[in-house]
1. In the set 69, 84, which member is charged (D, E, K, R) and in contact (Cβ under 8 Å) with a residue 24 or more places away in the chain?
2. Run residue 140 past the list (1) outside any strand (DSSP E or B); (2) free of Cβ contacts under 8 Å to residues at least 60 places away in the same chain and report the number of the one that doesn't hold.
3. Tell me the residue from 57, 6, 51 that is farther than 19 Å from residue 156 by Cα and assigned to a loop (DSSP other than H, G, I, E, B), please.
4. Hey, could you check the range 119-143 for residues that are surrounded by fewer than 19 Cβ atoms within 10 Å (Cβ to Cβ) and in contact with a Ser or Thr (Cβ under 7 Å, 6 or more places away or on another chain) and say which is farthest from residue 103 (Cα to Cα)?
5. State the number of residues belonging to the range 105-114 that are surrounded by 10 or more Cβ atoms within 10 Å (Cβ to Cβ) and either out of contact with any helix residue (DSSP H, G or I) (no Cβ under 7 Å at 6 or more places or on another chain) or assigned to a loop (DSSP other than H, G, I, E, B) (or both).
6. Restrict the check to the range 80-90 and report whether at least one residue is outside any helix (DSSP H, G or I), surrounded by fewer than 14 Cβ atoms within 10 Å (Cβ to Cβ) and small (Gly, Ala, Ser).
7. Residues in the range 77-90: is at least one within 22 Å of residue 156 (Cα to Cα) and either at pLDDT 90 or above or touching a His at 6+ places or on another chain (Cβ under 8 Å) (or both)?
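The values are calculated or read from the model by the stated rules, or taken from the named source; none is laboratory data. Everything numeric here is computed off the predicted structure, so don't read it as measured data. Cβ placement follows ideal geometry from the backbone for every residue including glycine, while neighbour counts extend to all protein chains displayed.
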Amino acid sequence: MKASYVLNKSEIRKGAGYHYDYRHRLQWIITFLIGFALLAFGIFFLLEGRVESSAIVLVLIGFYLLLNRVFYKWRAAAAVFKGRPGPLNVEMEIQDDGIFMETEISNGMTKWGGLMDLKIVPDGLLLYPQRNLFYWIPANAEIKGGSWTDFALGLERRYQAAKSQVK
């Protein structure tokens, strides 16, 4: 089966959001709590009439930490499209020995045993050849040779089979 799709900045941000939620959940909770506390302290100092640079810095850092997930998604999209004027056309094909990916600027194969993780999410699928490197496959991809469900479950089945052989 083969999936064909277009990756634009919006799609990358969507995938990066799922990746952040999946891989950085504890970090997000801690960052959010610290950001909330810094923002609260900064506002408290400002409301007490202490308009000092330290109070303003607390507010700014607090806002940044509260919005860290949003900034992460924007940084991820910027990194993927650095030096590229437009979207990427991607094709991923399930093969016997791995998954083959091709874009207009590159191609490559990842063997099933080379995948670290796979996560099916409501809007697509995350493939992890490394811990924090992911390939985003949106659920709205055009699938040749089956449906999205067939494609996602086929990937998951082959990934699980390869993972069980390693143990």
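1. Working: 84 fails: in contact (Cβ under 8 Å) with a residue 24 or more places away in the chain.
Among 69, 84, only 69 is charged (D, E, K, R) and in contact (Cβ under 8 Å) with a residue 24 or more places away in the chain.
2. (2)
3. 51
4. 129
5. Pass one, the range 105-114, residues surrounded by 10 or more Cβ atoms within 10 Å (Cβ to Cβ): 107-114.
Cutting the leftovers down to either out of contact with any helix residue (DSSP H, G or I) (no Cβ under 7 Å at 6 or more places or on another chain) or assigned to a loop (DSSP other than H, G, I, E, B) (or both) gives us 107-111, 114.
Summing the residues that are surrounded by 10 or more Cβ atoms within 10 Å (Cβ to Cβ) and either out of contact with any helix residue (DSSP H, G or I) (no Cβ under 7 Å at 6 or more places or on another chain) or assigned to a loop (DSSP other than H, G, I, E, B) (or both) in the range 105-114 gives 6.
6. Initial filter on the range 80-90 (outside any helix (DSSP H, G or I)): 81-90.
Next cut, surrounded by fewer than 14 Cβ atoms within 10 Å (Cβ to Cβ) only: 82-86, 89.
Next, only the ones that are small (Gly, Ala, Ser) stay: 83, 86.
Yes, because at least one residue in the range 80-90 is outside any helix (DSSP H, G or I), surrounded by fewer than 14 Cβ atoms within 10 Å (Cβ to Cβ) and small (Gly, Ala, Ser).
7. Step one: of the range 77-90, the residues within 22 Å of residue 156 (Cα to Cα) are 90.
Filter once more, so that each one left must be either at pLDDT 90 or above or touching a His at 6+ places or on another chain (Cβ under 8 Å) (or both): 90.
Checking the range 77-90: at least one residue is within 22 Å of residue 156 (Cα to Cα) and either at pLDDT 90 or above or touching a His at 6+ places or on another chain (Cβ under 8 Å) (or both).
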